[in-house]
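Report on one structure; see the data block that follows.
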Amino acid sequence: MGLFTTVVKQFLTENLVVRKTKISESAYSILIKGDHIKNIEFIPGYFLRLVIGANNENLSRKDTVISYSVWDINHTIGTVELVIATHSKGAGANWIQQIQPGDKVFFRWKKGKFLIDESADSYLMIGDLSALSHMYMIRRNLPEDKQVQSIFYCQQLNDMYVDIDGTTPFDFYEMSQNPIDEIITKIEELVPKLNGSKMVYIAGDSRVCVALNQYFRKKLKFGTTQIKIKPFWNPGKKGLE
């Protein structure tokens, strides 16, 4: 057993993959079981720091730890469900192709700040495929009286998937990568429809996150507390962060 593997097993929790399902043309879900999950204090928007390929000496250490959003959690039976997309062709995409029910996985919790916030009256949620499971989790846990508009895009609509409960609460659009002008056009249609106090969630491609952050601040005069933003990936870089 290598030193890295020894450290992983000492400081991260060991869990078991109990199911892997292909849910779209380029996405899989995996259900992971661990007794410690039953007692975790969970807020919608938490991530997992998942270690992949700890025993693979050909995989660089920077590619062995990847963040994934929690798509669903069941405290009663102690499971979390994640979605892993394969379109990036990176280390995570290769890992999900190989992992099978019965395999062990190691992770720790990462809370972050991209969490559910119930303080607004209306919400605009914007993201790509990488952000979909995260936004589904937040949307599902918002109170029913909240107004929600959405813009979710990908290059091929068959890459998208329904939420864990079988619903599709977001509007999907077929767009190219980095479609800032197209997204802004949609924003201009949707923002006037938002009622009361407003909040926007933006996630996915770092280029889109930066551009839209500037647009909401300078053009629409949104305040800092009204903008929730999380770059999940950067062009030319591996992993989610």
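Throughout, read-outs are computed from the coordinates displayed, never taken from laboratory work. This is a predicted model, so every value here is computed, not measured. For neighbour counting, all protein chains shown are included, and Cβ atoms are generated from backbone atoms with ideal geometry for every residue, glycine included.
So, counting K/R as plus one and D/E as minus one, what does the shell of residues with Cβ under 12 Å around Ser197 add up to? Every neighbour counted, the sum reads -1. Between the Cα long axis of helix 180-190 and the first principal axis of the chain there is an angle of about 60°, rounded to the nearest 10.
For the residue pairs Lys20/Lys146; Lys38/Lys193; Lys110/Lys193; Lys104/Lys146; Lys146/Lys186, the C-alpha atoms sit more than 30 angstrom apart in Lys20/Lys146; Lys38/Lys193; Lys110/Lys193; Lys104/Lys146.
For the pair Asn39 and Phe172, what calculated FRET efficiency results from E = 1/(1 + (r/R0)^6), where r is the Cβ-Cβ distance and R0 = 45 Å, to the nearest 0.05? Step by step, r from the Cβ atoms, then E = 0.80. Peptides 102-113, 199-210 ranked from most to least packed, by the mean per-residue count of other Cβ atoms within 10 Å: 199-210, 102-113. Charge dipole (Cα centre; +1 on Lys/Arg Cβ, -1 on Asp/Glu Cβ; no other charges) of the chain amounts to roughly 840 debye.
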